[in-house]
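Nothing in this text is a laboratory measurement; each read-out follows from the coordinates by a stated rule. The shown structure was predicted, so the numbers you read here are calculated from the model rather than taken from an experiment. In this analysis, Cβ positions are derived from the backbone assuming ideal geometry, glycine residues included, and neighbour counts consider all displayed protein chains.
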Amino acid sequence: MRNSTMTRAGASRTVVAAACSVLLLAGAALPRLAGAQGSYDQGDASIALDRLLPESLIASGQHRVTGVRRAGAYRMEFEIESEAAGTQSAESIALAVIRIQEARTLAQATNQFAQDNRELADEMRGQIRIGGDSVVDIVGSPLDTSSKVVGQFGRNVGQTIEELGQFPGPGERADAAGRTASEDPIFASHRRSVAGQLNLDVYSSNPGVQRFLDAMARARSGGLGRAGITTVSLARPPEVSVDGGRVQERIRSSVLNEEQGKLFERDRDLLLAAGVEPALAERLLTHPVLSPTHMSAITEYLAFMQGVGNRGAVVEAALDARDEVEALAKVQIARMYAHYHESWTPLSSLLGAGRLALALNRDGALLVALPFDILEWTAETDRVFTGLASFAERKQVTGRTVLLSGVATPRAQAALGERGFEIYERFLFRR
């Protein structure tokens, strides 16, 4: 069965790529064609927050998701209030998950640091305050006590973290992005150590995370060896893990413990072992938008799918990422296929399809991984999925499955069902 599946995949790759590239090329803004509009979504579908996110992500003692709105054809933008960052926006489910975890971690860690070092803080500054309020009171207060407090903390959190970390940092300098860095490898080691202990991404694009890591590294360099060492209590991670969490741990460990040059070599070796062409691997690992964390995540998920053909298709799909949201979407594609490969029917091959990668499993079923927050039924999605259904019939593909990171509108669910597609919504969240 596997050999016949691989033969069908090779023969049909061009057809599938042509059809599905249409879907992703329309990712920025799907055109609404005239005619038959009554059977299509009109871009104003209302999706309840609890359909998009699990309950544990909507609110906690340190944050609350206060709103959601459309941010494009396939994207939703979430407004998040937190004790660590005030009000901030996150475009896409994937980025919202990261920002919420960062906000909750920073709130608890900053609170603990202030409590552990209150005597030092009092000696140096009398008492650490923000606009007349104690930072300990603000960070430790329930979110629903006062929106004024939340907003006030959000406006001043950068100043607060910098004050908490006013310790000498030998060799400090500012990089092109204005972020504090250090030529001292010990300082960099402190940053990585704190990030590792709190499960923060050392390459996070969140300025608050970077300021916190710098502050804790300065504190450690100044003699507070336990700065940043605290117990952070978070709910069970809402997303699925691959290989019992071992893949995620390898990603975290390699990014934290390897210098960028060695990380490049490690990821390159893994990609080559996975059958990715050397030139393609190098393009991924030198991509200007993908962070080392994104690159390592894609690499590790591909390495996990041992025996799957044409794993370079996911790498090709990742190369056109233009910003962080798209970079996270490419990681989602790799993760969805790794999760399916482990927990459902193993995959036989991946297929290149423009900005997507498709897959065939060992039973010959066609899989479409869509890293979309919302899938609407439009004239273009109609044309693409009707074409895929016809292709599946001609090639006698045994099944058709859509793996969706978000949710589909009722109209899209019905239309996909009519064309023989089974759809798994919120595929990366635990059931």
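Which FRET efficiency value, to the nearest 0.05, do you get for GLU282 and SER39 by plugging their Cβ-Cβ distance into 1/(1 + (r/R0)^6) with R0 = 35 Å? With a Förster radius of 35 Å, E is 0.15.
Compared with the direct C-alpha span, the chain from ARG419 to GLU79 gains 118.8 nm at full extension, assuming 0.36 nm per residue. In a fully extended conformation the segment linking ASP323 and GLN306 would gain 3.2 nm over its present Cα-Cα distance, using 0.36 nm per residue. When SER349, SER193, SER92 are arranged by Cβ crowding within 10 Å, least crowded first, meaning fewest neighbours, the order is SER193, SER349, SER92. Protection proxy ranking for 45-56, 63-74, using the average of other Cβ atoms within 10 Å per residue and placing the highest first: 63-74, 45-56. When MET336, MET295 are arranged by Cβ crowding within 10 Å, least crowded first, meaning fewest neighbours, the order is MET336, MET295. Treat each spin label as a single point 7 Å out from the Cα along the C-beta direction, and report the ASP363 to ARG69 distance in nm. With each label point 7 Å from Cα toward Cβ, the separation is 4.4 nm.
Among LYS395, LYS330, sorting on how many other beta-carbon atoms sit within 10 Å of each Cβ, with the fewest leading, yields LYS395, LYS330. Among 297-304, 313-320, sorting by the average number of other beta carbon atoms lying within 10 angstrom of each residue, highest first, gives 297-304, 313-320.
Between GLN197 and VAL289, the simple spin-label model (points 7 angstrom out along Cα→Cβ) gives 3.6 nm.
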